[in-house]
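Worksheet for the structure shown next.
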Amino acid sequence: MTRTTTRAPLPAVGRRVLTVDRVTDLGPRLRRVVLTGADLDEGFPFARFAPADHVKVVLPDPATGRVSLPVRTAAGLRTPEGEAPLVRDYTVRDYTVRAWDPTARELSLDFVLHEHGPAGRWAATARAGDQLGVMGPRGHLMFPTGYPFYLALGDETAIPAVARLLDELPDGARALAFLEVDDAADELPLTARDGVEVRWVHRNTEGSGGLERALRAWAPPAGTDWFAFAAGEAGVLTPIRRYLRHELGLPQEQVDVDGYWKQGTAGLDHHGDHVGSD
Ligand SMILES: Cc1cc2nc3c(=O)[nH]c(=O)nc-3n(C[C@H](O)[C@H](O)[C@H](O)COP(=O)(O)OP(=O)(O)OC[C@H]3O[C@@H](n4cnc5c(N)ncnc54)[C@H](O)[C@@H]3O)c2cc1C
């Protein structure tokens, strides 16, 4: 039983070019892309209760549909030495490792379908046979297993991580998730586990700030230690983080808030401090 989030780096960062086996629409705005290929023959690093683990997807060159994997240099992402450059600019985005099936050797990523960026648009037209580069994960972010209660909050981009958190909860733990989506059509049957509840917040009727208002209206479990995870649009999360840390007084090690995207910013580097600090 652990009480803090711990990082478990991997000895090597995987570099894979995978093929879309199939796509499944989980809802009108969320699409599962199931990936296969020889680069998964040796397996894939998947750790239980590391729900925020993610990979960098490398989009194919729009002209050729081919994928070339960059290397990270001091000057940014570059073509490995000795390889002919296939693309001028690499488009690389973060996606949660939603599921890994070691028997079928299939990796599943869930994409929010939106028109504002290349990854959202790629997913909207992805079909069997398409190529996708997948780099990482660099390591596992092991969530603490020692709490009797877990709170999760987020928007559509957080659904894959929150779904994993609810699926992989430590035995006997209870959980509540607040998930903000456009409307009832976006709700998903995430879990049927005892002691786990999902409350959907509809932004089309609630307007902005609905997630924070839902959180503020909730009474935290009295006399119980708990852990909170929140992910989604950075600006929406800023007051949520402040509330958890400074109004509810949750210690830093019991809160993990991660800006997964930021309105108006392409390719957000989530390692920056986008949701405020202590
Ligand atoms: C650790 C981590 C895990 C993530 N896991 C997932 C995941 O499993 N599934 C998932 O769908 N996303 C996930 N995201 C979020 C995803 O990386 C971003 O949404 C990313 O910006 C999408 O890239 P893009 O090329 O579509 O848009 P970008 O080129 O990055 O952005 C272009 C424009 O689109 C806007 N934009 C970006 N994302 C969205 C959105 N979701 N809705 C509306 N507008 C948007 C930006 O504000 C910007 O103005 C994750 C992010 C992180 C950091």
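Computed from the coordinates by the stated procedures, all read-outs in this text should not be read as laboratory data. Note that the structure is predicted; figures quoted are calculated from it, not measured. No Cβ is skipped: glycine too gets one built from the backbone with ideal geometry, and neighbour counts run over all protein chains shown.
Cα centroid distance between the stretch 232-256 and the stretch 182-222, in Å?
17
So, how do all the Cα-to-Cα distances of the stretch 71-197 break down into 10 Å bins, in percent, from 0 on up?
Binned Cα distances yield the sequence 9, 32, 33, 18, 7, 1.
Need the C-alpha centroid separation for the stretch 6-39 versus the stretch 43-61, integer Å.
Spelled out, the Cα-based centre of one part sits 6 Å from the other.
Residues of the stretch 40-84 with backbone nitrogen within less than 15 Å of a virtual label 7 Å along the Cα-to-Cβ line of residue 13, please, listed as ranges.
Within reach of a label on residue 13, which here means backbone N under 15 Å from a point 7 Å along Cα→Cβ, the stretch 40-84 contributes 54-59, 69-81.
Can you list, largest first and rounded to whole Å, the semi-axes you get for the stretch 31-139 by taking the square root of 5 times each eigenvalue of its Cα gyration tensor?
22, 17, 14
With +1 assigned to the C-beta of every Lys and Arg and -1 to the C-beta of every Asp and Glu, and no other charges, what is the dipole magnitude of the chain about the Cα centre in debye, to the nearest 20?
Approximately 360 debye in magnitude.
Could you compute the FRET efficiency for residue 224 and residue 200, with r as their C-beta to C-beta distance and R0 at 30 Å, rounded to 0.05?
The computed FRET efficiency comes out at 0.80.
Based on the Cα gyration tensor of the chain, what are the three equivalent ellipsoid semi-axes, each the root of five times an eigenvalue, rounded to whole Å and given largest first?
They are 32, 20, 19 Å, listed from largest to smallest.
Under a plain spin-label model, where a point goes 7 Å from the Cα along Cα-to-Cβ, how far apart in nm are residue 270 and residue 252?
If labels sit at residue 270 and residue 252, their model points lie 2.0 nm apart.
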